[in-house]
1. Among the residues of segment 52-64 satisfying the criterion of being under 47 Å from the mean Cα position of the chain (by Cα) and open to solvent by less than 80 Å² (accessible area, probe 1.4 Å), which is nearest to Ser41 (Cα to Cα)?
2. Out of (1) closer than 20 Å to Leu299 by Cβ; (2) open to solvent by 10 Å² or more (accessible area, probe 1.4 Å); (3) touching a strand residue (DSSP E or B) at 6+ places or on another chain (Cβ under 6 Å), what's the single condition that is false for Gln352?
3. Arg79: of a type in the set (Lys, Arg), open to solvent by less than 60 Å² (accessible area, probe 1.4 Å) and out of contact with any Ser or Thr (no Cβ under 8 Å at 6 or more places or on another chain), yes or no?
4. Among Thr168, Thr153, Thr175, which is the only one that is at pLDDT below 95, among the β-branched types (Val, Ile, Thr) and either open to solvent by less than 70 Å² (accessible area, probe 1.4 Å) or more than 23 Å from Gln237 (Cβ to Cβ) (or both)?
5. Can you name the residue in segment 447-484 that is open to solvent by less than 40 Å² (accessible area, probe 1.4 Å) and out of contact with any helix residue (DSSP H, G or I) (no Cβ under 7 Å at 6 or more places or on another chain) and is also nearest to Pro544 (Cα to Cα) among such residues?
6. Name the residue that is farthest from Arg391 (Cα to Cα), counting only residues in segment 306-315 that are open to solvent by less than 20 Å² (accessible area, probe 1.4 Å) and aliphatic (A, V, I, L, M).
7. Go through (1) assigned to a loop (DSSP other than H, G, I, E, B); (2) open to solvent by 50 Å² or more (accessible area, probe 1.4 Å) for Phe203 and report which single condition fails.
8. I'm checking my understanding of the structure. Among residues of segment 316-349 that are more than 31 Å from the chain's Cα centre (by Cα) and among the charged types (D, E, K, R), which one is least open to solvent (accessible area, probe 1.4 Å)?
Amino acid sequence: MRSNGCGDLRKEHISSNVQLCGWVDRCRDHGGVIFIDLRDSSGTTQITIDPDQGSELFLKAESLRNETVIQIIGIVRSRPEESINSKIKTGEIEVLASNLEVLNEVNQNLPFNVSVHQDEPLREEVRLKHRYLDLRRARMNKNLRIRHKTIQTARRFLESLGFIEIETPILTRSTPEGARDYVVPSRVCGGEWFALPQSPQLFKQLLMVGGLEKYYQVARCFRDEDLRADRQPEFTQLDVEMSFMEQDEILEINERLIAAIWQAIKGIDLPRPFPRMTWNEAMNRYGTDRPDTRFGMELNDVSDIVKDIGFKVFSGAVASGGAVKCITVSNGNECISNVRIKPGGDIFKEAQAGGAGGLAFIRVRESGEIDTIGAIKENLNKTQKEALLHRTKAKPGDLILFGAGATAIVNKTLDRIRQYLARELKLIPNDGQNSSWNFLWIVDFPMFEFNEDEDRLEALHHPFCAPNKEDLGENPNDWVHRLPKARAQAYDLVVNGLELGGGSLRIHDSKLQQTVLEVIGLTTNAINQQFGFLIEALGMGAPPHGGIAFGLDRMIMLLTGEDSIRESIAFPKTQQARCLMTQAPAGVAAHQLNELHVKSTWTDPN
């Protein structure tokens, strides 16, 4: 039906006869000559409809509506000098049409303008309801092509190293230690259920047991969890697993993978090796295991300095096992008023959102003296003042913001405020070059964290991460006692404060795997029932292995400069996990539920 794409024609095609197909982007009548911007996925070309080519052709062109699908036959010619459009690749040529055929008409009003010449802001609900139209627009078209090129680059890189792509099951069994599963009732096995995979974790480990050694997959994953701008109920991972490699080798391969993707998509040569930081250092310096290292304003623990002062908010926090930490805002006296820090102010609200009741603060005056409102100043002696200024490296004009209380809440609060102020004060580089991309490996995570609600330990990542050999020791009889305080051989790749991917070396010893599952509170019966197949497989010659999974949707979001992963997915769900276009999820017929041996207990709260 067509000889060329609309965006493919150049000066070298002049005098060629061509057939083009596409959508009418816009139609203009200039003094009896009609100009059509014809668009397909490759770009746009100007079509000229001259009345000298026939009245029937001209009448067809006069009646065209935007987004009508047409076919054009004509000859490529140069544009007049004064009408050359240097903004588009086809701007030096046009096609003089000799024939026009309407392939499909638009028979109703469009909900929004699709034209490349219009970039009007639209409500996301409208875009998602009519996603098929939104995909025609330049923004989504570009994003999905970047997604394709990213996956293509990853595949070529991994396959050049001998990795093979293997699909793992979508229908599997529900296992604990993760987010909430999407479950699927079985018709043929009444009363039993499948779960959609939250990741291919166990299957890729079993592939290593099976001797495949180097596996990857562009894997669909599902989690029934509360949604945010960077989460979806169904998402895609770039999943990689390999045998007989130490942690350093795995990190080096994945650095090269990321560097190849950033070079292919952004044209940027990322400096390697990526820096590494332990989990403890990240929590101490930034209050988070996903630190944004493009700017300073790091956390300082001043608990030892203020633990004995008369200001009970500080001394009480330390006495109860918590902490007092602070961040220093350079020249903060000029741009941050007391009103913003006090109840009702924007910075106060950020602190509340982090779980804190408020913030204490100190201003360093030009004289070098510290100034504050309330009891801090009155209870600090000269030695403590000097120690604070030395620890925080605060200079005249600086503002010091304090968080006090449980360490986890202090960390979360100051991390949130640090990021908020960095955006407000424009401290984050945004030149699109290397300085805009700060990659960082976080390593040496704790194996476990304590779940107070359930009064038990739970795996910080998942219960298949291998513990640090030094922390574990050589005696298997000591494992159950040493594991709770052990570090995991786990690693996350963080870029600009976002987790891009995470992985670990895996447990390949069946007895150690059994012990780890016992430490998180599973009974022997539960272990056999839920993970018996894995324990059995590890006892049949499992090699040392490890891997990583990258959040592909989030990666594309970063590469395209978008703020939401919904802009990197062709047909995403809303934050209520709904598809506005197809109106899913939806009810099903009663006989379908009967066949599945399921009855709904849902009652409308309204």
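The values are calculated or read from the model by the stated rules, or taken from the named source; none is laboratory data. Just so it is clear, the structure is predicted and the values come from calculations on it, not from any experiment. No Cβ is skipped: glycine too gets one built from the backbone with ideal geometry, and neighbour counts run over all protein chains shown. Surface accessibility is based on the protein's heavy atoms, side chains included, excluding ligands, DNA and RNA. Shrake-Rupley method; radii C 1.70, N 1.55, O 1.52, S 1.80 Å.
1. Quick first cut of segment 52-64, residues under 47 Å from the mean Cα position of the chain (by Cα) only: 61-64.
Subset that is open to solvent by less than 80 Å² (accessible area, probe 1.4 Å): 61, 64.
On the way: Ala61: 22, Leu64: 20 Å.
Among them, the one singled out is Leu64.
2. Status for Gln352: all satisfied but (3).
3. Details: of a type in the set (Lys, Arg): yes; open to solvent by less than 60 Å² (accessible area, probe 1.4 Å): yes; out of contact with any Ser or Thr (no Cβ under 8 Å at 6 or more places or on another chain): yes.
Considered against the rule, which asks whether it is of a type in the set (Lys, Arg), open to solvent by less than 60 Å² (accessible area, probe 1.4 Å) and out of contact with any Ser or Thr (no Cβ under 8 Å at 6 or more places or on another chain), Arg79 comes out as yes.
4. Working: Thr168 fails: at pLDDT below 95; Thr153 fails: at pLDDT below 95.
Unique residue meeting the criteria: Thr175.
5. That would be Ala466.
6. Initial filter on segment 306-315 (open to solvent by less than 20 Å² (accessible area, probe 1.4 Å)): 306, 309, 314.
Then drop every residue that is not aliphatic (A, V, I, L, M), which leaves 306, 309.
Working: Val306: 12, Ile309: 17 Å.
Checking each candidate, the answer is Ile309.
7. Of everything listed in (1) assigned to a loop (DSSP other than H, G, I, E, B); (2) open to solvent by 50 Å² or more (accessible area, probe 1.4 Å), Phe203 misses just condition (1).
8. The selected residue is Lys342.
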